[in-house]
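All remarks here apply to the structure that follows.
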Amino acid sequence: MNAPLPSHLLHTQDALADTDPQETAEWRDAFLALVATEGPERARHMLQELVRVARAQRIGWQPDLNTPYVNTVAVQDQPVFPGDLAIEERVASIVRWNALAMVVRANQAYGELGGHIASYASAADLFESGFNHFFHAREGVGEGQHRGDLVFFQPHSAPGVYARAFLEGRLSEKDLMHYRQELTAPAAGAQGLSSYPHPWLMPDFWQFPTGSMGIGPISSIYHARFMRYLTHRNLLDCSQRKVWGVFGDGEMDEPESMSALTLAAREGLDNLVWVVNCNLQRLDGPVRGNGRIIDELERLFAGAGWNVVKLVWGSDWDGLFARDLTGALVRTLEGTVDGQMQTFAAKDGRFNRDNFFGQNPELAALAQGMTDEQIDRLKRGGHDLVKIHAAYAAASAHKGQPTVILAHTKKGYGMGTAGQGKMTTHSQKKLDETDLIEFRNRFNLPLSDEQATSLAFFKPAEDSPEMRYLRSHRQNLGGYLPRRETACEALPVPAIESYAQFALQADGKEMSTTMAFVRMLGTLLKDATLGPRIVPIVADEARTFGMANLFKQVGIYSSVGQRYAPEDIGSVLSYREALDGQILEEGISEAGAIASWTAAATSYSVHGLAMLPFYIYYSMFGFQRVGDAIWAAADQRARGFLLGATSGRTTLGGEGLQHQDGSSHLVAATIPNCKAYDPAYAGEMAVIIDAGMREMVTEQRDVFYYVTLMNENYAQPDLPAGAAEGVLRGCYVFKSYSRLIDKRESTISSKSVTLMGSGAILTEVVKAAELLAAEGVEVTVLSVTSWSELARDGVACEQRWLAGESAPASAWLTQQLAPTRGPVIAATDYVRAVPETVRALVPEGRKYVTLGTDGFGRSDTRAALRQFFGVDASSVAQAARRAMAAG
């Protein structure tokens, strides 16, 4: 049971408006007597009953979600500190110094490199408590071995994480000297250290990319949820593992930071702990200069259903609160906005004596007997290792809810006049000699003046108490972290004929590629080995895509099962939720769905368990909506499928401008490890899905696939013999409407043309070819399955030439076009910039014309839309005629 707050802490300024203090006192005394005699459970019941009566009377009252501006964990409830406080403080000071030295040295050498000192200075103790007592590393993937906690590190504090890894022996001094110098480091025999956590750049170190504000918070929630999913599906026991996230108070303004709070509470994710570093400052100034960010966040998280632990004041405030018998101190603190609190942080003890404790006689009396130095060293809660440990322990033990710890800190803590609490501290990257010596003195570092001013890195002797302590505590917690693992069992993929024969030999049957995909997925889910590892993900669009049959087949995941009888319980398409359900139904939240996809797509690394997510969605609401999250997933080396359904600007006719996608392939092409395909036919798609599965879960390559699907039904041809290679490389000759070129001919007929098309528009290209063939034109049709793969192949060929290869092979597209004649017409359902990416690969002397759907979409029929954008059969044929006429 938590100890009660002293009653004087509850006397806020609202008490001044009390019209009958005596009656108020009687009610208060009666309630305290109830607690004393009947206990807290009875007291809670009485409060709930009073609330019920008040609401029934409609008096217009709501409970205040804010608690007094003091620590949630009372002094008498603090657990005994389990470590050596003096050693931990010394280690924290050493790490602080090395982090500062690393950033300042980098910017003395190259002023353009940037970096951050103040963020880690404020968060150092928050990290150290986690490293010493809470953050459990992966022991292994064997039976009974702890697979590790997940820790999302505040990105601007990365220098501190590097500095600790230096003490641990995982990074060298030479590595620290190459902070933010990843390209030049290898020549010096060093590892360059990335600016922020980037698994792509440091694949053995960082687990999670958090550099884009808001991505870390939402990712941590869905990773915690995915761990429950794995446990409930009996794939992996994650019950002993935690997800920790250390984030900034300014970061909480990002919509992604806040958007999934209720999901975490609804799912009861007590395996999730957030630590919000409330240093009150963002880059430009205060987070809430005219308000109080801790109060605001407390209301927000409490209202969302989280357990809130406030970590506001350090141990040296305990005596002040104990002597504050009238509540003057709490009232003053609660009346001080963050902008003023920042000023107090930036000033010295004398200023704070005069301007904080000097506000009234009661506060002045509290400060009597304290020196200015003691006032200056009054710690906020996030700088007190004892208080931090108490908050972390309370969060770790809490059941039934996620927990947020609101940790009050000073930005630039210890930087003195150079940066502590200064408006410009976020961008502070250089300190003069006086500042460096002041920092050394502030943290009692064993450095000479020369060592301090030369920014010498400091590492205690290997047999020192600090180093022995650091190593033993990490050993007790499973080893060092952050550490990214990749050991994972490879999964076999069933033969393509077992699930896609109907697509490979479609025999002209009419269907959409979406329908074909869902049929393949349904069969793959039945595979004994791969099936359980597949994670279907939808954002409230399964019925649109014809996936409702999967509801009953594999179930929709629910952390509580299904507590109701669905209206359609007798239907084969019944909406079935289950504790071991396989489908992740994310509701109308593309941000949530992509976060779930990332959690599943990186399971091979995070959990040592390969999973294969298929996230299907309206293609317009993918890269254009959550592109930043997809980029972060790429950084994290995700493996899985993104399925952009209803793709193209003209296939989703009636939905209009906002829904019609003409650009997703343009964006997808910018992500280096994304393989993007726009297949027209089910057989092509089958080849792509098969190759993707083998590449990702069998060969375990760090790529992911983006495949666009259409909702238009049309005749599906058999996949031509030998076409598979071309499908994967980006194009193949689909059909020729006259004889091939006879190499013995000395002239080339002007009545020849090559048509290229992809996705939905390939059917229009084929119709155009038939129109032209009827006019006596020799036509070759190329089915383009991936413009981006063709373009990348061309770039690779050019790079080999630039590197000095005497006769590098020509690009795949160039090879396919070489035997064809005449101008080349390329048509897509996307903006013209997509086919323009391969212009340089068209053989010299061949005219190249691109057709696309530039501009805003419209609502109308497919035929009308294609005519409007000039990508219908008639427009393609006319472009060919014009190009042939132009010679």
For region 851-860, check the following and say yes or no: at least one residue is buried (at least 19 other Cβ atoms within 10 Å of the Cβ) and among the acidic types (Asp, Glu).
no
Take Ala137 and decide whether it is touching a residue at least 60 places away in the same chain (Cβ under 8 Å), among the small types (Gly, Ala, Ser), in contact with a Phe, Trp or Tyr (Cβ under 7 Å, 6 or more places away or on another chain) and part of a loop (DSSP other than H, G, I, E, B).
yes
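Okay, residues lined up against (1) of a type in the set (Lys, Arg); (2) within 21 Å of Arg442 (Cα to Cα); (3) over 30 Å from the mean Cα position of the chain (by Cα):
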{"residue": "Phe351", "(1), (2), (3)": "no, yes, yes"}
{"residue": "Phe357", "(1), (2), (3)": "no, no, yes"}
{"residue": "Asn360", "(1), (2), (3)": "no, no, yes"}
{"residue": "Asp376", "(1), (2), (3)": "no, yes, yes"}
{"residue": "Lys379", "(1), (2), (3)": "yes, yes, yes"}
{"residue": "His389", "(1), (2), (3)": "no, no, no"}
Residues in region 787-804: is at least one over 18 Å from Thr754 (Cβ atoms), in contact with a Gly (Cβ under 9 Å, 6 or more places away or on another chain) and assigned to a loop (DSSP other than H, G, I, E, B)?
no
Among (1) in a loop (DSSP other than H, G, I, E, B); (2) in contact (Cβ under 8 Å) with a residue 60 or more places away in the chain; (3) under 21 Å from Met341 (Cα atoms), which single condition is Phe458 missing?
(3)
Of the conditions (1) surrounded by 22 or more Cβ atoms within 10 Å (Cβ to Cβ); (2) over 26 Å from Asp635 (Cβ atoms), the single one that Ala593 does not satisfy is (2)
Could you say which residue among His408, His398 is more than 26 Å from Glu89 (Cα to Cα) and in contact with a strand residue (DSSP E or B) (Cβ under 7 Å, 6 or more places away or on another chain)?
His398
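Rundown of residues vs (1) without any contact (Cβ under 8 Å) to a residue 24 or more places away in the chain; (2) closer than 30 Å to Arg866 by Cβ; (3) hydrophobic (A, V, I, L, M, F, W, C); (4) in the same structural domain as Lys675 (by TED's automatic domain parsing), yes/no style:
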{"position": "Val784", "(1), (2), (3), (4)": "no, yes, yes, no"}
{"position": "Ala791", "(1), (2), (3), (4)": "no, yes, yes, no"}
{"position": "Gln799", "(1), (2), (3), (4)": "yes, no, no, no"}
{"position": "Ala807", "(1), (2), (3), (4)": "yes, no, yes, no"}
{"position": "Leu817", "(1), (2), (3), (4)": "no, yes, yes, no"}
{"position": "Ala827", "(1), (2), (3), (4)": "no, yes, yes, no"}
{"position": "Val831", "(1), (2), (3), (4)": "no, yes, yes, no"}
Given the condition small (Gly, Ala, Ser), in contact (Cβ under 8 Å) with a residue 40 or more places away in the chain and touching a helix residue (DSSP H, G or I) at 6+ places or on another chain (Cβ under 7 Å), answer yes or no: does some residue in region 424-434 qualify?
no
Pairs returned, first residue in region 621-637 that is within 18 Å of Pro217 (Cβ to Cβ) and in the same structural domain as His665 (by TED's automatic domain parsing), second residue that is of a type in the set (Lys, Arg) and not in a loop (DSSP other than H, G, I, E, B), beta-carbon separation under 9 angstrom, 6 or more apart or interchain, are none
Got a sec? Which of Asp540, Asp527, Asp568, Asp507 is surrounded by 15 or more Cβ atoms within 10 Å (Cβ to Cβ) and part of a loop (DSSP other than H, G, I, E, B)?
Asp527
Output the number of residues of region 671-706 satisfying the condition of being in a helix (DSSP H, G or I) and either crowded, with 19+ Cβ neighbours inside 10 Å or among the hydrophobic types (A, V, I, L, M, F, W, C) (or both).
15
Suppose the filter is touching a helix residue (DSSP H, G or I) at 6+ places or on another chain (Cβ under 7 Å) and modelled with pLDDT under 95; does Arg241 pass it?
no
Given the residues Arg821, Arg882, Arg858, which is the only one that is out of contact with any His (no Cβ under 7 Å at 6 or more places or on another chain), closer than 23 Å to Val777 by Cβ and in a loop (DSSP other than H, G, I, E, B)?
Arg821
Can you tell me which residues in region 150-169 are part of a loop (DSSP other than H, G, I, E, B) and surrounded by 17 or more Cβ atoms within 10 Å (Cβ to Cβ)?
Phe153, Gln154
Taking region 759-786 only, how many residues are assigned to a helix (DSSP H, G or I) and farther than 19 Å from Gly852 by Cβ?
5
If Val831 meets every condition in (1) modelled with pLDDT under 95; (2) under 22 Å from Ala768 (Cβ atoms); (3) of a type in the set (A, V, I, L, M, F, W, C) apart from one, which number is that one?
(1)
Within region 45-96, can you find the residues that are acidic (Asp, Glu), in a helix (DSSP H, G or I) and within 30 Å of Gly414 (Cα to Cα)?
Asp77, Glu88, Glu89
Pick from Met515, Met520: which is more than 26 Å from the chain's Cα centre (by Cα), closer than 23 Å to Val703 by Cβ, in a helix (DSSP H, G or I) and at pLDDT 95 or above?
Met520
Can you tell me which residue in region 865-878 is surrounded by the most Cβ atoms within 10 Å (Cβ to Cβ), limited to those that are in contact (Cβ under 8 Å) with a residue 12 or more places away in the chain and part of a helix (DSSP H, G or I)?
Val876
May I ask you to verify whether Ala495 is touching an Asp or Glu at 6+ places or on another chain (Cβ under 9 Å) and either crowded, with 18+ Cβ neighbours inside 10 Å or of a type in the set (Phe, Trp, Tyr) (or both)?
no
Looking only at region 606-628, filter to residues that are crowded, with 23+ Cβ neighbours inside 10 Å and small (Gly, Ala, Ser); which one of those is nearest to Cys674 (Cα to Cα)?
Gly622
Six or more apart or on different chains, Cβ atoms under 8 Å: show the pairs whose first residue is in region 670-694 and on the phi < 0 side of the Ramachandran plot and whose second is among the basic types (Lys, Arg) and not in a loop (DSSP other than H, G, I, E, B).
Gly692/Lys675
Can Gly546 be described as more than 20 Å from Glu712 (Cα to Cα) and surrounded by fewer than 21 Cβ atoms within 10 Å (Cβ to Cβ)?
no
So which of Ala345, Ala391, Ala395, Ala365 is without any contact (Cβ under 8 Å) to a residue 24 or more places away in the chain and either assigned to a helix (DSSP H, G or I) or among the charged types (D, E, K, R) (or both)?
Ala365
Arg519, sole failed condition from (1) free of Cβ contacts under 8 Å to residues at least 40 places away in the same chain; (2) crowded, with 21+ Cβ neighbours inside 10 Å; (3) not hydrophobic (A, V, I, L, M, F, W, C)
(2)
Among the residues in region 770-782, are any out of contact with any Cys (no Cβ under 9 Å at 6 or more places or on another chain), β-branched (Val, Ile, Thr) and modelled with pLDDT under 95?
no
If we scan region 316-327, do we find a residue that is surrounded by fewer than 18 Cβ atoms within 10 Å (Cβ to Cβ) and of a type in the set (Lys, Arg)?
yes
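The values are calculated or read from the model by the stated rules, or taken from the named source; none is laboratory data. Here the structure is a predicted model, which is why all the values come from computation and not from measurement. In this analysis, Cβ positions are derived from the backbone assuming ideal geometry, glycine residues included, and neighbour counts consider all displayed protein chains.
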